[in-house]
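Notes follow the structure.
The values are calculated or read from the model by the stated rules, or taken from the named source; none is laboratory data. On a predicted model such as this, the values are computed, not experimentally measured, just so you know. Here the Cβ positions follow ideal geometry from the backbone for every residue, glycine too, while neighbour counts run over all protein chains shown. SASA here: full protein model, heavy atoms, side chains in, ligands and nucleic acids out. Shrake-Rupley method; radii C 1.70, N 1.55, O 1.52, S 1.80 Å.
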Amino acid sequence: MSYEKVSQAKDVIVGTKQAVKALKAGQVTEVVIAEDADPKVTANVLQTAIDLNVPFTKVDSMKKLGKSCGIDVGAAAVAIIQ
């Protein structure tokens with residue numbers, strides 16, 4: 001379900017640093033985080049989403065998440081933009 005949501009979204013931001021930046025700017029409607037990503041990498045995105053009351057979803061695979069964004073590498077976090 002979340003993979004479909006990402007692939008159908010008009011605009012997404014891929015990557016943890018960019019996702020945090022977009023969250024702080026108030027541009028994000030939802031965050032999708034890969035559970036197989038290193039928790040050290042995704043912790044900042046997850047905590048920022050929680051702090052700002054932005055809904056988040058966890059998916060099982062970085063590779064599938066990256067593919068649903070249209071990239072050939074895995075993605076630890078994706079922010080769906082308004």
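Against the definition (among the polar types (S, T, N, Q), under 16 Å from Gln82 (Cα atoms) and under 12 Å from the mean Cα position of the chain (by Cα)), how does Thr16 come out, yes or no? Walk me through it before giving the result.
Working: among the polar types (S, T, N, Q): yes; under 16 Å from Gln82 (Cα atoms): no; under 12 Å from the mean Cα position of the chain (by Cα): yes.
Considered against the rule, which asks whether it is among the polar types (S, T, N, Q), under 16 Å from Gln82 (Cα atoms) and under 12 Å from the mean Cα position of the chain (by Cα), Thr16 comes out as no.
Take the residues of segment 68-82 that are touching a residue at least 12 places away in the same chain (Cβ under 8 Å) and either open to solvent by 70 Å² or more (accessible area, probe 1.4 Å) or not small (Gly, Ala, Ser) (or both): which is farthest from Val28 (Cα to Cα)?
In this case the residue turns out to be Ile71.
If you go through segment 42-62 one residue at a time, do you hit one that is in contact with a Ser or Thr (Cβ under 9 Å, 6 or more places away or on another chain), polar (S, T, N, Q) and open to solvent by 20 Å² or more (accessible area, probe 1.4 Å)?
For segment 42-62, residues in contact with a Ser or Thr (Cβ under 9 Å, 6 or more places away or on another chain), polar (S, T, N, Q) and open to solvent by 20 Å² or more (accessible area, probe 1.4 Å): present.
Conditions: (1) more than 12 Å from the chain's Cα centre (by Cα); (2) of a type in the set (A, V, I, L, M, F, W, C); (3) modelled with pLDDT of 95 or more. Ile71 meets all but one. Number of the miss?
(3)
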